[in-house]
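FYI, it's all coordinate maths here, none of it is from the lab. Quick caveat: nothing in here was measured; it's all calculated off a predicted structure. Ideal geometry is used to build each Cβ from the backbone, glycine not excepted, and the neighbour counts take in all protein chains shown.
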Amino acid sequence: MAELVPQRTADGSLTLRNAALDEPYHSLHGAVQESTHVFIKAGLEFVGRPHVDVLEVGLGTGLNLLLTWIRCLEGKCTVNYTALEPFPVTEPLLAALDHCADLAWPGLHEPFIARMTVPQQEPCEALGGLRFQLLQQQVQEFQEEAVADVIYFDAFGPPTQPEMWTLDVFQRMFTALRHGGVLVTYCAKGEVRRTMQQAGFSVERLPGPPGKREMLRGRKN
Ligand SMILES: C[S@@+](CC[C@H](N)C(=O)[O-])C[C@H]1O[C@@H](n2cnc3c(N)ncnc32)[C@H](O)[C@@H]1O
């Protein structure tokens with residue numbers, strides 16, 4: 001198991017650093033800032049539906065899950081959230097990160113940890129407008145069709161994990177999306193944009209979160 005170490009980011013929120021890969025789980029300019037900008041605002045809120053099916057690639061510390069859940073609790077939408085994570089983060093590390101305290105939702109701590117550490121691959125009981133399912137599965141094996149309105153594509157960067165950014169993976173993601181759905185990622189590399197286009201996406205370059213010039217959003221027309 002890789003050594004995972006909590007690390008403070010510039011907006012005050014914590015992330016993890018994978019010491020073996022020397023790669024953080026979020027931008028060190030601000031974990032909450034990045035997740036909110038890339039996945040919530042450019043993804044979930046952009047789609048703007050009362051009910052949204054979200055697929056996340058790389059659940060990690062669950063920050064995107066928690067930010068999505070808070071939107072549900074605020075009455076903005078209901079969400080069916082499926083997350084792929086072959087290497088779930090352990091309970092002690094999740095407790096040390098304490099994302100719920102950072103986001104001023106301490107009451108969510110227990111149900112959040114319960115969902116993040118669910119042993120079976122079955123949907124958890126819906127709570128606060130969110131239904132959650134963790135699949136301990138690699139994205140390279142994902143085969144569902146037309147199941148998502150939004151894909152949060154939150155893999156480690158291409159230099160660290162090039163096998164996450166291939167044409168095969170983006171074709172799988174294109175197949176997983178419904179027409180009108182979008183895939184959002186913090187990555188803005190030209191090669192990634194071209195691979196997404198080859199897979200069928202119409203790709204926009206959008207302003208990135210603080211510390212990053214751009215991000216990408218691909219749409220399935
Ligand atoms: C950048 S981190 C994700 C950050 C996460 N969204 C969060 O909010 O903490 C990348 C994640 O991708 C996961 N991962 C690695 N290989 C994967 C694969 N083949 N398929 C899906 N996820 C993978 C890693 O375990 C890691 O948790």
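Odds and ends about this structure:
- For the stretch 77-88, residues that are in contact with a strand residue (DSSP E or B) (Cβ under 7 Å, 6 or more places away or on another chain) and touching a residue at least 60 places away in the same chain (Cβ under 8 Å) total 1.
- Selection status of residue 132, touching a Lys or Arg at 6+ places or on another chain (Cβ under 9 Å) and not in a loop (DSSP other than H, G, I, E, B): yes
- Check on residue 20, within 12 Å of the ligand (Cβ to nearest atom) and surrounded by fewer than 17 Cβ atoms within 10 Å (Cβ to Cβ): yes
- Residue count, the stretch 136-170 (criterion: within 12 Å of the ligand (Cβ to nearest atom), surrounded by fewer than 18 Cβ atoms within 10 Å (Cβ to Cβ) and of a type in the set (A, V, I, L, M)): 0
- Applying the criterion of being within 13 Å of the chain's Cα centre (by Cα) and in a loop (DSSP other than H, G, I, E, B) to the residues of the stretch 135-160, the residue that is farthest from residue 85 (Cα to Cα) is 156.
- Single unsatisfied condition, residue 63 versus (1) of a type in the set (A, V, I, L, M, F, W, C); (2) over 26 Å from residue 217 (Cα atoms); (3) touching a residue at least 24 places away in the same chain (Cβ under 8 Å): (2)
- Filter result (more than 12 Å from the chain's Cα centre (by Cα), within 10 Å of the ligand (Cβ to nearest atom) and not hydrophobic (A, V, I, L, M, F, W, C)) within the stretch 79-94: 86, 88
- Residue match in the stretch 116-130 (condition: under 20 Å from residue 13 (Cβ atoms) and crowded, with 16+ Cβ neighbours inside 10 Å): yes
- Note on the stretch 29-60: residues that are surrounded by fewer than 17 Cβ atoms within 10 Å (Cβ to Cβ) and either aromatic (Phe, Trp, Tyr) or within 12 Å of the ligand (Cβ to nearest atom) (or both) amount to 1.
- Just one of (1) farther than 30 Å from residue 146 by Cα; (2) of a type in the set (D, E, K, R); (3) more than 10 Å from the ligand (Cβ to nearest atom) fails for residue 76. It is (1).
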